[in-house]
Amino acid sequence: MTTTSTRGKTPRATAKATRTSSPEAKAASALLPAERPIRFLDEHGARVDEHSGYAEPPVELLAEAYRKMVVGRRFDQQCTALTKQGRLAVYPSSHGQEACQVGGVLALRADDWMFPTYRESVAITTRGVDPVETLTLLRGDWHCGYDAAAWRTAPQCTPLATQTIHAAGVAYGEKRKGNDSVALAFIGDGATSEGDFHEAMNFAAVFRAPAIFLVQNNGYAISVPLDKQTQAPALAYKGVGYGVRSERVDGNDPVAVLAVMLAAVEHGRAGHGPFLIEAHTYRMDAHTNADDATRYREPSEVDDWRSKDPIARLGAYLRAAGALDDARDAEIKAEAEAYAASLRERMNADPVLNPLDLFEHVYATPTPQLAAQRAQLAAELEAENQ
């Protein structure tokens, strides 16, 4: 019989050796994210081998991602201009985060679910939702301007992390129905400090719900830097404590985002439960048009991230691969301009408002009190119009 001596080893070293060889440690190790964020492209769009075996997405999908990102950024810029013209009450820009916005959506099927935050306007339009309907909330007309059930896209969520519980519940519901649909919840780094996020993670893990939590870590929860809200070595490690497979990815590398997202979707469809992705990215503009980002971050920081632009990186890669040339790039940019012009024209028309809409969608069956109030208002409006 051979024995292993622990003489000369510190108690910590002995305990560590025991832990790493235990079944629990092996299970935890399988959940751990990569030590460095997954990436396929460097800052200049050149291919690098730092992807831990993730499969590179098809070039056709990457070309479509580039097109959607260019159109999405032009849409985002037009929305920022609309706030200055008084056509939008507020707009949270996602300029700089296009790889996450577009990559997250393109990894989904039409029967999958999406749970966006207030910053996911580009993601929603990438899914195919009409841009004016997408902006209804930010315009101040309705809480949601599109048919959430038809698009399998929940209303944009303003409170942090509350939609993560909805995503976990819907994902579990689809599983109970025998479907292989997944639910994707977009969240920011600040949302990982909210209780709802942790409840959703725990629920999804316990019931093996096919929910994907895509954390767009742009370094700030409005103005609060990451190191002021968490001491975790990386946000992806928060998944391990709940038994959730986790990964870190360069959120400005569209190839890497798509690769990890496609793997996460397949993980969920195969019945392996939830997946947490931490995407390291950056919002180039302020938190919203009401924010002054110069009060809490330096111009040099913004300039550094500008050199990691996701559209430029993917464009350079596609050109090197022969999948993009000047003519095709010009077509895409022309499409983006036409999209922005159409949006501008449609948003310049005043919306038709009906005061009686106040009573719509409050209850499935209106209460007698609500019906009486509606009748009273209708009578007053009719009297005014006579």
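The values are calculated or read from the model by the stated rules, or taken from the named source; none is laboratory data. Note that this is a predicted model, so its numbers are computed, not measured. Note that we place each Cβ from the backbone using ideal geometry, even for glycine, and neighbour counts take in every protein chain shown.
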Residue in segment 362-376 that is over 30 Å from ALA221 (Cβ atoms) and within 29 Å of the chain's Cα centre (by Cα) present: yes
Selection within segment 262-287 - more than 18 Å from GLY72 (Cβ to Cβ) and at pLDDT below 95: ALA286, HIS287
Condition broken by PHE115, with the remaining ones in (1) under 21 Å from GLU247 (Cα atoms); (2) touching a strand residue (DSSP E or B) at 6+ places or on another chain (Cβ under 8 Å); (3) surrounded by fewer than 22 Cβ atoms within 10 Å (Cβ to Cβ) satisfied: (3)
Qualifying helices (runs of 4 or more DSSP H) (wholly inside segment 110-171; at least 3 residues being of a type in the set (A, V, I, L, M)): 121-126, 148-151
So THR153, is it of a type in the set (Val, Ile, Thr), assigned by TED's automatic domain parsing to the domain that holds PHE197, in contact (Cβ under 8 Å) with a residue 60 or more places away in the chain and touching a Phe, Trp or Tyr at 6+ places or on another chain (Cβ under 8 Å): no
Tabulated pairs, segment 53-65, first farther than 16 Å from ALA34 by Cβ and assigned by TED's automatic domain parsing to the domain that holds GLY128, second surrounded by fewer than 17 Cβ atoms within 10 Å (Cβ to Cβ) and among the small types (Gly, Ala, Ser), C-beta under 7 angstrom, 6+ apart or interchain: VAL59/ALA321; VAL59/ALA323; ALA63/ALA323
